[in-house]
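The values are calculated or read from the model by the stated rules, or taken from the named source; none is laboratory data. The model shown is predicted, which means the values in this text are computed figures rather than measured ones. Cβ placement follows ideal geometry from the backbone for every residue including glycine, while neighbour counts extend to all protein chains displayed. For accessibility, only protein heavy atoms count, side chains too; no ligands or nucleic acids. Shrake-Rupley method; radii C 1.70, N 1.55, O 1.52, S 1.80 Å.
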Amino acid sequence: MTAMMSSTLVETVSINYEDFNDSFLTCGTCLCMYDGTERTPKLLPCSHTVCRSCLERIVAAQTLDTGSFRCPICRETIHMPQGGVIAFPPSFIVNQLLDLMAQQRRDVIPKCSVHTNQELLFCETCDIVFCTQCIDCGLHSGRGASEHTVIPFAIAIKRMSEILLFKAHLCIKNLNSAYDAVSEELRQLELSVDKTLDSINRSFQDVIAVVDRRRHECLQWVRKIKEEKKNILKEQLDLIQVEKEKVQEECDGLQYQVEVRNITKKISDLNEKLDTTSTLSEPRENSFLRYDYKHNDALREIAKAISHFGHISTSTTFPALSTAKVFPTTAHLRSSIRINTVDYHGNPRMTGGDPLLVDLKTEKGDNLEHKIKDNEDGTYDVLFLPQKPGRLKLCVNIFTRPIKDSPYPVEVSDHINPLARFGSRGSGRDNFSQPVRICVGSDDAIYVLDTGNSRIKVLSQAGDCVRTIGPDGLENQSATGMALMPDGNLAVVNWRTRLVSVLTPDGSLVKHFTNPGFQEPIDVAVNSRGEIIVADAGASKIFIFDSSSNLTTTFGSRGDKDGQFKLISALAVGKNDEILIADHRIQIFSKDGKFSRRLVDSGKGQYGGICVDGSAHILATKTEKGRSYVQILSAGGKPLYVIDSQEDRLKRPSGLAVMQDFRLVVADLGSDCVKKYRYK
């Protein structure tokens, strides 16, 4: 008989105490554990449970006028019972769970050591542990409680334990990363040592090869000398042998001679041969051969060279403390970023040679061409030429490790502000009145045609007035054109007197001349042959005079077609003595006045001055719709960029000239001053 047995499967569920507390025994508003005093769980009509302390605070804030408040969990409107907060029924389920958990885990709730029945509390604001009976709790209850965050000490312990574990995890993670980084550096050190040792061995193999080659040359030299000496001595031996055989042959025939006369003759011949054999007895070459290596300073020089041969480069640079300084950067101007290296202690490095890896990219991620200059003093310059405004990103690595704060943002501006400003409106030594033209001498002296003051001011590179020239050729405040001549003199044109004057650098008048065709000559230029070119706005014509002031060529007429002029405003001589003429456009003519081409332009506005730099770039000042700027064009006339400053804007620029260091000086009629710019 088979016994029938029944079994019951019991599933045991393990409940995490902390998770259970967070989910069921913690007030959802203040996140504090429910208790039997201030945080008694109260059941709202919407079935949500909130502690009494939170309810009192909510009711005090919301029920002043309406007599109702909103549930902090579901936002349902709750009407206040007549008895106030105390009249809300307790949450029996939460209380039962509290009793159950208290029986199961009484030991996990820290109690006050003095008041053993009081649970410890923790104020996060004051960072103190207390119970309700230990200290004056005025700051942590009633009105003062709003400024303090008080939670059960058990929860504080839990939170701090979690924070501790989290921080410990971060520390371990960082230490692991540090360990990996140092281990990788050790591995790289071994690789670097192997590569360096291999390079040393290869370099000294080259030295050994040089020495061995010299050794081989010396050995070959000895063998060559030996052969030369040997050949000479063998030739002498052969000659001795021949003579010996001749003597032997003659002696062999004497035994058959009976004639005394013949014997006497043979004796005479042998006497002569004895004289010749004596010359053969001395070797014509010697056996002397000796190697000497101390006859000069070669050995000492070799030892000295070997002692300086090869160099082991190392570095104490600490990339994490090294920095980069980004200077103001402007589009189209050569720019630089300075990298300063320091050691582990933050001390500046005094030598260079660090392996820098620089990555400079545009906003689109395109690489920007750059060069790294080692200043050999612990600093490095990243040199580059931004082509347009925007933001660049600079990443700098030393030993494949980023420097501090890398990557660096590099803001590229579109505005080229003046480096300096010289003078102001007036008639004093440091003033200007209508500066219309400007020239730069071979010594970088700046000549400014100060028309309103009927003079030419000569400025130093710093803008200080060195001397003034005038008034010859500058009378009536009407000199409007000026140019430097190949011999260092100045050519000046005066539109009122219609005279072209040639002045020495100190202001002495060399000569002046005019032409019946002049109506309103406003500008002048001089080419490499010393020919003076005059632009006449009244006649809309160009006059070319030879060095003797004789008129050789005229060209141009009034109009808007190619080769014609509307209102000539500026004149310059360019590459190969080409003639550049500006009105509302720029036209280029050959040195003989034949039309060549017209530069691309909007045709709007008016040019004020024009010049050509050493790279054949064309620079022109222009005013258009109230905006004044300097236009930079390529040698072919393609517009490259403009100088349009954000600070101290140009008001009505006229003449301009280029200094030897690619600085640009501009005469500004609107401001009665001279401004200096970088333009490359």
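Structure summary
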quantity	calculated
Tabulated pairs, the range 636-650, first among the charged types (D, E, K, R) and open to solvent by less than 70 Å² (accessible area, probe 1.4 Å), second in a strand (DSSP E or B) and at pLDDT 85 or above, C-beta under 9 angstrom, 6+ apart or interchain	D644/R627; D644/S628; D644/Y629; D644/V630; D648/R421; D648/K675
Single residue of the range 592-632 satisfying the filter (within 30 Å of the chain's Cα centre (by Cα) and of a type in the set (G, A, S)) that is nearest to K675 (Cα to Cα)	A620
Contacts under 9 angstrom Cβ, first residue in the range 70-82 being part of a loop (DSSP other than H, G, I, E, B), partner basic (K, R), 6 or more apart	E76/R70
Checklist (1) surrounded by 14 or more Cβ atoms within 10 Å (Cβ to Cβ); (2) on the phi < 0 side of the Ramachandran plot applied to R429, failing item	(1)
The one condition in (1) at pLDDT 80 or above; (2) open to solvent by 80 Å² or more (accessible area, probe 1.4 Å) that D107 fails to fulfil	(1)
L299 farther than 30 Å from V193 by Cα and among the aliphatic types (A, V, I, L, M)	yes
Among (1) open to solvent by 40 Å² or more (accessible area, probe 1.4 Å); (2) over 13 Å from I542 (Cβ atoms); (3) charged (D, E, K, R) - the single one D613 does not satisfy	(1)
Residues (crowded, with 21+ Cβ neighbours inside 10 Å and not in a strand (DSSP E or B)) located in the range 391-405	I403
Residues of the range 367-390 that turn out to be of a type outside the set (G, A, S) and open to solvent by less than 100 Å² (accessible area, probe 1.4 Å), as a count	15
Test: residue in the range 624-634 that is in contact with a Phe, Trp or Tyr (Cβ under 8 Å, 6 or more places away or on another chain) and either closer than 25 Å to D414 by Cα or surrounded by fewer than 20 Cβ atoms within 10 Å (Cβ to Cβ) (or both)	yes
Residue count for the range 265-303, restricted to those that are open to solvent by less than 90 Å² (accessible area, probe 1.4 Å), closer than 30 Å to E235 by Cα and either touching a His at 6+ places or on another chain (Cβ under 8 Å) or charged (D, E, K, R) (or both)	5
Selection within the range 583-601 - open to solvent by less than 90 Å² (accessible area, probe 1.4 Å) and in a strand (DSSP E or B)	I586, Q587, I588, F589, F595, S596, R597
Sole residue being assigned to a loop (DSSP other than H, G, I, E, B), at pLDDT below 85 and closer than 15 Å to M101 by Cβ, chosen from D35, D19	D35
Residue list for the range 522-568, restricted to those being of a type in the set (A, V, I, L, M), in a loop (DSSP other than H, G, I, E, B) and within 15 Å of I586 (Cβ to Cβ)	L567, I568
Some residue of the range 53-65 being crowded, with 17+ Cβ neighbours inside 10 Å, in contact with a strand residue (DSSP E or B) (Cβ under 9 Å, 6 or more places away or on another chain) and part of a strand (DSSP E or B)	no
Scan of the range 569-582 for residues that are in a helix (DSSP H, G or I) and of a type outside the set (D, E), ordered by number	K575, N576
Subset of the range 619-634 (residues that are touching a Lys or Arg at 6+ places or on another chain (Cβ under 8 Å), at pLDDT 85 or above and not in a strand (DSSP E or B))	none
Whichever residue in the range 500-521 is under 26 Å from F565 (Cα atoms) and in a strand (DSSP E or B) and, among such residues, is most open to solvent (accessible area, probe 1.4 Å)	F513
Top-ranked residue in the range 462-479 [being within 16 Å of A667 (Cβ to Cβ) and surrounded by fewer than 24 Cβ atoms within 10 Å (Cβ to Cβ); ranked as farthest from the chain's Cα centre (by Cα)]	Q477
Residue list for the range 524-576, restricted to those being polar (S, T, N, Q), in contact (Cβ under 8 Å) with a residue 12 or more places away in the chain and open to solvent by 70 Å² or more (accessible area, probe 1.4 Å)	S528, S547, T552, N576
Scan of the range 443-483 for residues that are within 16 Å of G426 (Cα to Cα) and part of a strand (DSSP E or B), ordered by number	V448, L449, D450, R455, I456, K457, C465, T468
Boolean, I200 is more than 40 Å from the chain's Cα centre (by Cα), surrounded by 11 or more Cβ atoms within 10 Å (Cβ to Cβ), in a helix (DSSP H, G or I) and among the aliphatic types (A, V, I, L, M)	no
Residue selected from the range 38-52 under the condition open to solvent by less than 30 Å² (accessible area, probe 1.4 Å) and of a type in the set (S, T, N, Q), by the criterion modelled with the highest pLDDT	T49
Residue ID - most open to solvent (accessible area, probe 1.4 Å), chosen from residues in the range 314-366 that are among the hydrophobic types (A, V, I, L, M, F, W, C) and not in a strand (DSSP E or B)	M350
One residue from K229, K158, K167 being assigned to a helix (DSSP H, G or I) and open to solvent by 90 Å² or more (accessible area, probe 1.4 Å)	K167
